[in-house]
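Q: Could you have a look at this structure, given as structure tokens, before my questions?
The values are calculated or read from the model by the stated rules, or taken from the named source; none is laboratory data. For clarity, every value in this text was computed on a predicted model and none was experimentally measured. We place every Cβ from the backbone using ideal geometry, glycine too, and count neighbours over all the protein chains shown.
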Amino acid sequence: MKEPIIEIVGLTKKYGNFTAVDHLNLTIGKGEVFGLLGPNGAGKSTTILMLLGLSEPTEGNVTVCGYNSESQPIEVKKVAGYLPENVGFYEDRSGLDNLIYTAKLNGLNNREAEDKALDVLGRVGMTGEAQKLTGKYSRGMRQRLGLANVLIKNPQVIILDEPTLGLDPSGIQELLDLIVQLSREDRITVLFSSHHLHQVQRVCDRVGLFVKGKLLDEGDIQSLSKRLFADKPVIVTAGSDAFEEKKETEAFFKIENQLRKINGVNNMQFKEGKFILTCSHDITAEIASLFIASGLPLNHLVRKEYGLDDIYNLYFEGGEKNDSN
Amino acid sequence: MTQTKHKRTKPNPFNVIVQKEISDQVRSWRFIIMLAIIVLTCAGSMYTTLISIADSVKPNDPEGSFFFLKLFTLSDGTMPSFLVFITFLGPVLGICMGFDAINSEINRGTLSFMLSQPIPRDYLINAKFTGAFIVISVLFFSLGFLMMGLGLVIIGIPPTVEEFFRVIFFLLLACVYVAFWLNLSILLSVQCRQAATSALAAIAVWLFFSVFYNMLVNLIAKGMAPSEMASSHQIINYQRFILDLLRVDPAHLFNEATTALLIPSVRSIGPLTMEQVYGSLPSPLPLGQSLMVVWPQLTGLIAATVICFALSYVLFMKREIRSR
């Protein structure tokens, strides 16, 4: 592991009886892009607030760049930039003025603040909009300005809470690419939360799955799905368009019986010309050889891969369903 | 953004926020409207005062030597004096400067952004108060000095040193009075999520004190009135009690204090017995003595202001800041 920047140990936050974050342990290394994934209400924002010392943990410890978030929040805020969900600006001021204000709050004097603000605006591609009032900015421009606001303090870590919320697909792509490009240029550690799995996996080095206050697992998406679905049954579908007509033939009954007898098949269904087999391990090869031997046509043979969508279905949508019950 | 002259030194974040608050206040429409109303009413009251001031000079008047102070208190009945206007408009000014101090930051989503900057959290609420208070003080002092200057030019009698200091203390008192309403509305802005709610709540408190509270006290006074046979001791106690009730109203405190400051012949604000008055010369009090008379009122006003601020400070520091 690279030099750790963010270290979370046994972090817990309780609101009365409700546990928002439950004994969270997480280490993020320097220069990493980490995605905190989870459905709404999983405790992502609460964790981020505690990282920045904006909320006090009930238990546990958070350090950012060696500073304790609870006891040295100001030091943490000097090195960590935070883009809140739904970031707001002073709408009767221009984007440039908003940035200059941030720069001055971070201890730059007037001239430095203005130079730095123009520089950062250029980096996020907003030089043309510098003099426009932020009240007239579009959603995508606001997020860019928010990013500029974060970068102006030369942070070592940037923490983004749902940065892609409310953006259109191309806007999401641009923003995420921008974030990653900036972080690679300056070796900035990025932590962001999202409930959009698909966007996030494209840009993250690692993700953490966060459900109901607990970190289920962390790692890159491939190893994550392997681990999470290790004990799940394998589903193989095999068939042909021609099967529907041959349903009543002898060859069909024969192969149906043979398939059922393969070691490890727990359940079998026939639907729309396809056998759907639920098995304890991968039997695709055996099925294929059976078909070839039987002389029946086979133009569809798929072993179901567990991917993002399944992770999503399993934890995110299921999680919300359980909550509402 | 206001420019400071120091180019090399690092700005203190607190000053940066105060500067921004001041420029926000001064640019806002509501402040411009309030400013216009206050300036117009002051000009009006100045005009009526100057018209009627010639009639007000009577021979053997104990306040004759405090001619200049009349500029602030005199009225011919068509329009209230400067003092009355301040009593009435001061709370509105204070409320309109503070009612959305914190909740508008939450609703705009700027609060979580501000708090993620490397500044202590209390900087924000302190700067909100300081910024608004600076604007109020500058406004009142310039108005006061303008009135003095105009009076000087038109009636041609310069104020004595004592009169000058009486006016300064009066203006200070007015600032403290408005600061009370400012802090009350900041408190409500911390407590209420919507700016409209906190504005209405603050106006309700103000209306209660300016309209209904006196009625309420009258009601209590009627019910508690001692019989005609009551001893003088009982009557004095009763009077004191009613006066104490009235003094819960900050406007009453302010009125008592300003009366004693601007009308030097006022010797006491509470009830006086014949023995106390007997033998005293009908002469005005020196400034020091007038200040002694208003000291409790001033302390009371400052205490109310501090209590409101302390409450909003605690509430603000304890609040968990979530985005929007």
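Q: Test A:Gly107 against the criterion of being at the interface with chain B (Cβ under 9 Å from one of its Cβ atoms), of a type in the set (Gly, Ala, Ser) and under 24 Å from the mean Cα position of the chain (by Cα), and give yes or no.
A: no
Q: Is there a residue being small (Gly, Ala, Ser) and over 18 Å from the mean Cα position of the chain (by Cα) anywhere in segment B:130-144?
A: no
Q: Here are A:Thr19, A:Thr102, A:Thr47: which of them is hydroxyl-bearing (Ser, Thr, Tyr) and assigned to a strand (DSSP E or B)?
A: Just one listed residue meets the conditions, A:Thr19.
Q: Give the residue that is nearest to the other protein chains (Cβ to nearest Cβ), with candidates limited to residues of segment A:80-99 that are under 33 Å from the mean Cα position of the chain (by Cα) and assigned to a loop (DSSP other than H, G, I, E, B).
A: So the residue we want is A:Gly88.
Q: Can I ask one more? Among the residues that make up segment B:113-126, is at least one of them more than 14 Å from every other protein chain (Cβ to nearest Cβ) and under 25 Å from A:Asp161 (Cβ atoms)?
A: Within segment B:113-126, one or more residues are more than 14 Å from every other protein chain (Cβ to nearest Cβ) and under 25 Å from A:Asp161 (Cβ atoms).
Q: Restricting the search to segment B:244-278, which residues are assigned to a loop (DSSP other than H, G, I, E, B), modelled with pLDDT of 80 or more, among the β-branched types (Val, Ile, Thr) and closer than 27 Å to B:Ala221 by Cα?
A: B:Val248
Q: For segment A:22-44, name all the residues that are surrounded by fewer than 24 Cβ atoms within 10 Å (Cβ to Cβ), of a type in the set (Gly, Ala, Ser) and not in a strand (DSSP E or B).
A: A:Gly31, A:Gly41
Q: Looking at A:Thr47, is it more than 8 Å from chain B (Cβ to nearest Cβ), more than 21 Å from B:Arg121 (Cβ to Cβ) and of a type in the set (Ser, Thr, Tyr)?
A: So A:Thr47 fails the test.
Q: A follow-up question, please. Just the residues that are β-branched (Val, Ile, Thr) and surrounded by fewer than 16 Cβ atoms within 10 Å (Cβ to Cβ), please, taken from segment B:190-204.
A: Passing the criteria: only B:Thr197.
Q: Further question on the same structure: With A:Glu112, A:Glu70 as the choices, which residue is assigned to a loop (DSSP other than H, G, I, E, B) and either out of contact with any Gly (no Cβ under 9 Å at 6 or more places or on another chain) or away from every other protein chain (no Cβ under 13 Å) (or both)?
A: Just one listed residue meets the conditions, A:Glu70.
Q: I need a count of the residues in segment B:279-324 that are assigned to a helix (DSSP H, G or I), within 21 Å of B:Asn107 (Cβ to Cβ) and either modelled with pLDDT under 85 or of a type outside the set (A, V, I, L, M, F, W, C) (or both).
A: 3
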